Amino acid sequence: MSWKADIVVGIVLISTFILLIPAVKPLAVPIDVTFVPEKIVFDFTRTITLSGNFVRAHLQVAIPQNTSSQNIYVKQIEGSRHTTQKTFTTFWDWNINHRDSIKIEYSGVSYGRVWEQESSSTLNDIPQKYKEKYLHSEYIRTQDSTKYVIFVDNEEIRTLALKITSQYSTVLDKLKAIHTYIARNYHYEASTRDYIKSAVEVLHSGSGDCDELSFLYVSLARSIGIPAWVVYGLLYDGTTWGYHAWVRTYIPDIGEVDCDVVSDLGQIKFVGFLTKTPYHIEIWADDGNSEHLSEMYTYVDYVGILQISDSYATKTLKQSAKNVAISNPYIIRREYVLAIIGILFLVMYLFSRKAPLFMVPIRGEGTKER
């Protein structure tokens with residue numbers, strides 16, 4: 001074979017690999033792996049104490065329901081009797097006009113889950129039903145005012161979202177870019193029930209609590225056409241249980257997935273993306289209705305002077321020996337994977353020949369000058 005033939009073979013090989021690009025998947029190389037229990041079995045109590053000089057108080061508590069990732073039994077063991085209301089979710093209500101201490105017991109099992117971080121779906125693949133439900137702004141209504149907390153058409157949020165995600169084509173990559181941006185640029189700041197920051201306020205301040213950071217996450221996603229919503233629940237932080245919120249979104253060829261950006265704030269590795277640990281107990285997921293969202297923030301309404309405390313005590317918590325793995329992969333793009341394979345094949349071909357392309361005569365012994 002002549003050197004011309006070598007060039008022809010090389011061109012054929014390179015062309016073949018270029019044509020194969022759409023069929024080759026990106027290569028995920030795990031650079032860090034974290035393990036969480038596959039499930040936990042729990043039993044804890046919650047005590048809500050009302051005191052002070054109040055005329056009346058109306059207390060409302062949303063009760064978690066059984067889902068594919070949890071089985072929960074809730075019962076009241078102390079305090080005034082509650083009434084049950086079943087509307088868009090289940091609430092327990094108390095009407096109280098004197099000092100009282102209400103104790104509730106939560107027991108059951110919660111499961112962890114990790115979704116595959118591999119998807120080729122784009123915005124065009126998102127079903128219309130999700131777009132209709134979760135691609136609009138949402139507000140929280142109080143006795144005094146109505147305040148928007150999730151934004152779709154805000155110029156600042158949309159500009160930032162496009163800046164973060166424009167280089168990516170898939171829904172998965174765009175969501176991960178949003179998750180990474182918030183985790184690296186914002187910090188957690190505990191807030192009170194008296195004031196709730198909107199997504200725009202979090203954008204300006206650089207901080208927020210779990211639901212406020214979730215408002216920003218959801219707003220960034222919705223502003224570029226990705227359905228996302230806030231999930232409210234309880235979280236065990238290694239010491240006690242407490243209120244928590246995280247994000248749920250939809251990736252067409254994966255389904256509904258969870259993202260907890262608060263667990264990743266300031267971290268290099270991300271274990272909250274496409275992960276639901278068993279320490280998360282879901283109470284309610286936003287259904288896109290602002291009035292329902294508002295009711296979730298209607299915890300207590302009273303007349304007079306009221307002091308209220310809300311505390312948790314863990315009785316038992318057992319985790320399974322079996323774990324699920326959270327992998328933090330480095331993604332090698334498909335064209336790079338093909339280029340590496342193509343170069344290896346070409347080098348192997350050239351070195352397998354008796355007279356490789358790069359072998360040229362060297363003047364020395366056995367050669368004669370004219």
Tell me yes or no: at least one residue of the stretch 295-302 is in contact (Cβ under 8 Å) with a residue 24 or more places away in the chain, in contact with a Phe, Trp or Tyr (Cβ under 8 Å, 6 or more places away or on another chain) and either surrounded by fewer than 17 Cβ atoms within 10 Å (Cβ to Cβ) or part of a loop (DSSP other than H, G, I, E, B) (or both). no
Only one of (1) farther than 30 Å from W92 by Cβ; (2) surrounded by 15 or more Cβ atoms within 10 Å (Cβ to Cβ); (3) modelled with pLDDT of 85 or more fails for Y312. Which number is that? (1)
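Taking into account only those residues within the stretch 118-131 that are in contact (Cβ under 8 Å) with a residue 12 or more places away in the chain and not in a loop (DSSP other than H, G, I, E, B), which is surrounded by the most Cβ atoms within 10 Å (Cβ to Cβ)?
Ranking the qualifying residues of the stretch 118-131, first place goes to Y130.
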Pick from R222, R248: which is basic (K, R) and either buried (at least 23 other Cβ atoms within 10 Å of the Cβ) or touching a Leu at 6+ places or on another chain (Cβ under 9 Å) (or both)? R222
Filter the stretch 170-213 for residues that are of a type in the set (S, T, N, Q) and not in a helix (DSSP H, G or I); which is most open to solvent (accessible area, probe 1.4 Å)? T192
Tally of residues being over 16 Å from L293 (Cα atoms) and in a helix (DSSP H, G or I) across the stretch 214-246: 5
Residue by residue through the stretch 38-63, note down the ones that are open to solvent by 10 Å² or more (accessible area, probe 1.4 Å), more than 25 Å from P278 (Cβ to Cβ) and within 31 Å of the chain's Cα centre (by Cα). Q60
Count - residues of the stretch 140-154 that are in contact with a Phe, Trp or Tyr (Cβ under 9 Å, 6 or more places away or on another chain), in contact (Cβ under 8 Å) with a residue 40 or more places away in the chain and exposed (fewer than 15 other Cβ atoms within 10 Å of the Cβ): 1
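Listed here are the residues, each with its yes/no results for (1) of a type outside the set (D, E); (2) over 16 Å from L317 (Cβ atoms); (3) not in a strand (DSSP E or B).
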position	(1), (2), (3)
I72	yes, no, no
S80	yes, yes, yes
F88	yes, yes, yes
N95	yes, yes, no
I102	yes, yes, no
Y106	yes, no, no
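Each row is one residue, and each column tells you yes or no for (1) touching a residue at least 24 places away in the same chain (Cβ under 8 Å); (2) among the aliphatic types (A, V, I, L, M); (3) open to solvent by 40 Å² or more (accessible area, probe 1.4 Å); (4) within 23 Å of I48 (Cβ to Cβ).
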residue: Y73; (1), (2), (3), (4): yes, no, yes, yes
residue: T84; (1), (2), (3), (4): no, no, yes, yes
residue: W92; (1), (2), (3), (4): yes, no, no, yes
residue: I96; (1), (2), (3), (4): yes, yes, no, yes
residue: K103; (1), (2), (3), (4): yes, no, yes, yes
residue: Y106; (1), (2), (3), (4): yes, no, no, yes
residue: E116; (1), (2), (3), (4): yes, no, yes, no
Which one of these is in contact with a His (Cβ under 8 Å, 6 or more places away or on another chain) and not β-branched (V, I, T): Y243, Y217? Y217
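Could you check the stretch 193-250 and list, in sequence order, the residues that are among the polar types (S, T, N, Q) and under 18 Å from Y134 (Cβ atoms)?
S198, S214, S219, S223, T249
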When you scan the stretch 316-335, do you find a residue that is assigned to a helix (DSSP H, G or I) and modelled with pLDDT under 75, even just one? yes
Residue check for G238: without any contact (Cβ under 8 Å) to a residue 60 or more places away in the chain and on the phi > 0 side of the Ramachandran plot: yes
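The values are calculated or read from the model by the stated rules, or taken from the named source; none is laboratory data. Just so we're clear, the structure is a prediction, and the values are computed from it rather than from any experiment. A quick note on method: Cβ atoms are made from the backbone with ideal geometry, for glycine too, and the neighbour counts reach across all protein chains shown. Just the protein is used for accessible areas: all its heavy atoms, side chains included, with ligands, DNA and RNA removed. Shrake-Rupley method; radii C 1.70, N 1.55, O 1.52, S 1.80 Å.
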